[in-house]
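Read the figures in this text as sums done on the coordinates, not as results from a lab. None of the values given here were measured: they were computed from a predicted structure. As a convention, Cβ positions derive from the backbone with ideal geometry for all residues, glycine included, and neighbour counts pool all protein chains shown.
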Amino acid sequence: MHRAIIPLICALAGCVLASCGAGARVATHTTRTVKAPAAQRALAFARAVNLTSADVPGFTASAKHQHDSPREKALERQMLRCAGVAGPAKAVFAEGSKDFELKHAILDFSVSSEVSVQPGTTQADKGLSAIRGARARGCFSRYLEQSFSAQRIKGATLGPVSIQSGTPPAPGTSGSFGWRVTARFVLRGASIPIYLDFLGFTVGPSEVTLLSTGLLRPFPAAVQQQLFTTLLSRAKAHRL
């Protein structure tokens, strides 16, 4: 069940941030470019910032590719319309790290990062403003529940999906945001929580995000904070 649900959360979460700013979907763990030299600078920035295996000792790297069904794509489009996202502009560049996973007994954690570069600071700031709003959270929650239901996990019942928001400290940036998405499934009488923490910030035209997930327990807070600080330091050091 965990493997069926988490990619859905990741795809939709990545869709919200990148699309609010530029009106273009940026799939996780993919690279998309337009003309050089802007793309070349963005590529260098993304690879200087994104997480690597050295940042998460003990985790196993796993490259994953998101393949959306027609229904999932339709739900994503509905979500973006609900959130008021529109426009033909596209990010100059977007690249995500690999997924890094750690499994211990019944616990299951994963973490990844993504960098996207918008055509200008205005687009990046617009995306940040949108994802901080209650409207985006409401639309995301509604369509996330529909996406979960579409999985049709045998014997599992979905409870309410909740989203808590905040603004993690990110000095030296244009601003930051934080979402904690919590979903609970009841399977054979047992309540199984899934947690997703979605943290990010903007620096100039760039958007940097940290996505961590946990089955049964949230991703360890101390590790999450360290990784967020690492991304923040790198983004400011290599500012576009």
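Quick one: Glu207, Glu101, Glu95, fewest Cβ neighbours within 10 Å first, how do they rank? Could the numbers behind the result be given before it?
Numbers: Glu207 30, Glu101 17, Glu95 23.
Ranked by crowding around the Cβ, least crowded first: Glu101, Glu95, Glu207.
Cα gyration tensor of the range 189-234, axes a ≥ b ≥ c as square roots of the eigenvalues: rounded (a/c below 1.5), prolate (a/b > b/c) or oblate? Before the final figure, lay out each step's value.
Working: a/c = 6.03, a/b = 2.32, b/c = 2.60.
Because a/c hits 1.5 or more and a/b fails to exceed b/c, the range 189-234 counts as oblate.
Find out how many positive minus negative residues lie around Ser212, taking Lys and Arg as positive, Asp and Glu as negative, among other residues whose Cβ is under 13 Å from that of Ser212.
Net charge around Ser212: -4.
Order of Ile106, Ile194 from fewest to most other C-beta atoms within 10 Å? Numbers along the way, then the final one.
Values: Ile106 9, Ile194 22.
Neighbour counts put them in this order, fewest first: Ile106, Ile194.
What ranking, highest mean first, results for peptides 176-185, 160-169 when packing means the other Cβ atoms within 10 Å averaged over each residue?
Details: 176-185: 19.5, 160-169: 13.6.
Highest mean packing first, the order is 176-185, 160-169.
In the neighborhood of Phe59, defined by Cβ-to-Cβ distances under 11 Å, what is the net charge if each Lys or Arg adds +1 and each Asp or Glu adds -1?
Working: positive: Lys98, Lys103; negative: Asp55, Asp99, Glu101.
Local charge sum for Phe59: -1.
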